[in-house]
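The block underneath contains the structure these notes are about, expressed in structure tokens.
The values are calculated or read from the model by the stated rules, or taken from the named source; none is laboratory data. The model shown is predicted, which means the values in this text are computed figures rather than measured ones. Cβ atoms come from the backbone with ideal geometry, glycine included; neighbour counts cover every protein chain shown.
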């Protein structure tokens with residue numbers, strides 16, 4: 001059984017070990033692994049799109065175990081109520097009073113499975129939790145765990161019995177990634193290897209939860225220079241004036257992009273953001289926040305904009 005990393009080890013080694021242990025259980029491309037780590041350290045949330053059977057649930061469980069965090073899975077359905085995820089007050093005859101029983105949101109890592117199958121009311125409760133780290137119970141705010149990390153899934157193929165996820169909801173996710181088929185080599189290796197569940201059961205955390213939080217708190221110290229901030233503005237502004245884009249990027253999108261870039265720089269043991277950090281994270285961080293005229297591929301359009309905005313350092 002693998003053990004936790006020694007205290008004081010470099011952040012690059014921590015990130016590499018987390019990624020290696022994750023890939024030992026789930027067959028993932030490097031860009032998806034990197035995006036998940038960046039979002040985790042940036043205290044953001046991730047929307048995972050992919051068809052059933054590609055390991056999304058195992059991915060969330062594995063990541064939680066590797067970083068020493070508690071995990072809950074919520075299967076979103078059209079009859080799911082806000083109290084089903086937040087919790088509810090129960091009358092205790094012995095004490096003659098109500099006591100609050102916490103729901104599955106009160107954990108560190110939440111897999112919100114098929115969020116497009118639930119009602120707008122229940123989705124709003126999840127979004128409040130994601131945005132502020134709190135939930136409202138009988139008019140009183142209750143703080144959730146720290147860290148609080150949501151991995152939500154959406155099947156992009158099946159539409160029967162689903163609700164559209166509004167743009168305001170998509171904007172609450174720091175990143176959107178796609179998990180597809182593993183590729184011929186990866187799938188053959190999966191069939192030749194041990195049962196992923198058996199590997200998962202033997203998996204030990206690579207880092208303690210307290211050490212993880214300590215590292216996450218340092219991400220905000222990564223510096224952003226004025227030229228880098230100007231580059232972010234120019235890209236964001238370019239989406240607002242583009243003839244093919246109905247709804248361009250907001251200032252909040254620019255801030256989210258920088259937050260992700262700070263985390264990427266930190267995981268690379270740098271104290272400053274480079275344009276390369278921004279470019280590497282542009283599509284997963286920004287594409288789902290844009291609305292195109294007449295459809296199309298937002299990622300490809302964003303890549304085109306990036307190619308035409310110069311970097312001036």
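Quick check on this structure: which one of 161, 186 is modelled with pLDDT under 90, in a loop (DSSP other than H, G, I, E, B) and either surrounded by fewer than 17 Cβ atoms within 10 Å (Cβ to Cβ) or in contact with a strand residue (DSSP E or B) (Cβ under 9 Å, 6 or more places away or on another chain) (or both)? Talk me through it step by step, then tell me what you get.
Numbers: 186 fails: in a loop (DSSP other than H, G, I, E, B).
Checking each option against the conditions leaves just 161.
Which fully enclosed strands (runs of 3 or more DSSP E) of segment 41-137 have 1 or more residues being surrounded by fewer than 14 Cβ atoms within 10 Å (Cβ to Cβ) and outside the structural domain of residue 190 (by TED's automatic domain parsing)? Walk me through it before giving the result.
Working: elements: 46-49, 71-75, 87-92, 97-102, 109-113, 134-137.
No strands (runs of 3 or more DSSP E) qualify here.
What number of residues within segment 189-221 are in contact with a helix residue (DSSP H, G or I) (Cβ under 7 Å, 6 or more places away or on another chain), touching a residue at least 60 places away in the same chain (Cβ under 8 Å) and either farther than 19 Å from residue 262 by Cβ or surrounded by fewer than 15 Cβ atoms within 10 Å (Cβ to Cβ) (or both)?
Residues meeting the conditions: 7.
In segment 19-29, which residues are out of contact with any helix residue (DSSP H, G or I) (no Cβ under 8 Å at 6 or more places or on another chain) and assigned to a helix (DSSP H, G or I)? Explain how you work it out, then say what you get.
Just the residues of segment 19-29 that are out of contact with any helix residue (DSSP H, G or I) (no Cβ under 8 Å at 6 or more places or on another chain), to begin with: 20, 29.
Of everything in segment 19-29, just one residue is out of contact with any helix residue (DSSP H, G or I) (no Cβ under 8 Å at 6 or more places or on another chain) and assigned to a helix (DSSP H, G or I), namely 20.
Does at least one position in segment 298-305 carry a residue that is surrounded by fewer than 21 Cβ atoms within 10 Å (Cβ to Cβ) and closer than 19 Å to residue 39 by Cα?
Scanning segment 298-305 turns up at least one residue that is surrounded by fewer than 21 Cβ atoms within 10 Å (Cβ to Cβ) and closer than 19 Å to residue 39 by Cα.
Please report, ordered by residue number, the helices (runs of 4 or more DSSP H) entirely within segment 235-313 with at least 2 residues that are under 17 Å from residue 225 (Cβ atoms) and in contact with a helix residue (DSSP H, G or I) (Cβ under 7 Å, 6 or more places away or on another chain).
Working: elements: 251-267, 275-286, 298-308.
Counting at least 2 such residues, we get 251-267, 275-286.
Looking at (1) part of a loop (DSSP other than H, G, I, E, B); (2) in contact with a helix residue (DSSP H, G or I) (Cβ under 8 Å, 6 or more places away or on another chain); (3) crowded, with 16+ Cβ neighbours inside 10 Å, find the lone condition where residue 145 falls short.
Residue 145 satisfies all of (1) part of a loop (DSSP other than H, G, I, E, B); (2) in contact with a helix residue (DSSP H, G or I) (Cβ under 8 Å, 6 or more places away or on another chain); (3) crowded, with 16+ Cβ neighbours inside 10 Å except (2).
Among the candidates 173, 200, single out the residue that is assigned to a helix (DSSP H, G or I), within 24 Å of the chain's Cα centre (by Cα) and closer than 30 Å to residue 80 by Cα. So that I can check it myself, show each step before the final result.
Values: 173 fails: assigned to a helix (DSSP H, G or I).
Just one listed residue meets the conditions, 200.
So which residues in segment 267-296 are farther than 29 Å from residue 246 by Cβ and more than 17 Å from the chain's Cα centre (by Cα)?
Here is the first cut: in segment 267-296, the ones farther than 29 Å from residue 246 by Cβ are 267-274, 276.
Across segment 267-296, the qualifying residues are 268, 269, 270, 271, 272, 273, 274, 276.
State all residues of segment 205-234 that are under 22 Å from the mean Cα position of the chain (by Cα) and outside any helix (DSSP H, G or I); if no residue qualifies, say none.
Let us first name the residues in segment 205-234 that are under 22 Å from the mean Cα position of the chain (by Cα), namely 205-222, 232.
Answer for segment 205-234, where residues must be under 22 Å from the mean Cα position of the chain (by Cα) and outside any helix (DSSP H, G or I): 205, 206, 207, 208, 217, 218, 222.
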